[in-house]
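In what follows, a single structure is set out as structure tokens and then discussed.
Each reported figure results from applying straightforward, stated rules to the coordinates on display, with no laboratory input. From a predicted model like this one, the values you see are computed outputs, not experimental measurements. Backbone-built Cβ (ideal geometry, glycine too); neighbour counts: all protein chains shown.
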């Protein structure tokens, strides 16, 4: 692939020209290549179908979010000159939230013990965190919602309601959801 050097008009340009050739940017280098040939009759792979369906679903979510006044206001607050509220909502659907940490230093197995969860979403916001505590034998001890605590830097706090006499092997799983209902989880074993 030919590389373009010292041409300030072309540097950083990407896209195609009359469907004859395409400019590509890799790092700080701009390249030119022939247009790729796409066989439209070739059947799509499962990965391609999933990718397309995710884009269709993201577009539907963004469209619905723009129709909802509260969501539109929220996404407008995240929009910039270059990225519209619609695109922010689209990106929010595409990107899952994540559970960064589960702090179990205050969980002693006694009812009233605390489990703290760091759950975040880069674009939107976390709408809820659920904590599940399971014994080493795989028996569900308890499950319930955590509450956000801004005084602890935005950590979600779950207060246990059941006694757990055997801590060794206990699994604590935290699951978070964002506005488009994407889920992510993290699990730790004591």
Neighbour-count order for 158, 31, 107, fewest beta carbons within 10 angstrom listed first: 31, 107, 158
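For the stretch 59-111, just say rounded, prolate or oblate: build the C-alpha gyration tensor, square-root its eigenvalues into a ≥ b ≥ c, call rounded for a/c under 1.5, and beyond that prolate if a/b exceeds b/c, oblate if not. Provide the component values of the computation, followed by the final result.
Numbers: a/c = 3.20, a/b = 2.79, b/c = 1.15.
Judged from the Cα gyration tensor, the stretch 59-111 comes out prolate (a/c at least 1.5, a/b above b/c).
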Acute angle (nearest 10 degrees) that the helix 46-67 long axis makes with the longest principal axis of the chain, alpha-carbon atoms: 80
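Stretch residue 31-residue 51 to full length: gain in nm at 0.36 nm per residue minus the Cα-Cα span? Walk me through the numbers before you get to the answer.
Values: separation 20, 0.36 × 20 = 7.20 nm, distance 2.63 nm.
Result: 4.6 nm gained on full extension.
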Cβ-derived FRET efficiency at R0 45 Å, residue 140 paired with residue 68, nearest 0.05: 0.80
Order of 74, 93, 185, 51 under a 10 Å beta carbon neighbour criterion, fewest first: 51, 185, 74, 93
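Per DSSP H run of at least 4 residues, take -39500 (n - 2.57); add these up for the chain, divide by its residues and hand me the 222 nm value, nearest 500 deg cm²/dmol. Write out the running numbers ahead of the final one.
Working: 3 runs with 42 residues, N = 190.
Dividing the helical sum by the residues of the chain leaves -7000 deg cm²/dmol.
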Entry for percent of Cα pairs over 21 Å apart (calculated from the structure that is shown) out of [x] 67; [y] 77; [z] 54: [x]
Crossing angle, helix 69-78 versus the chain [Cα axis fit, 0-90 degrees, rounded to tens]: 70
Degrees separating the helix 85-94 axis from the principal Cα axis of the chain, which is the longest one: 60
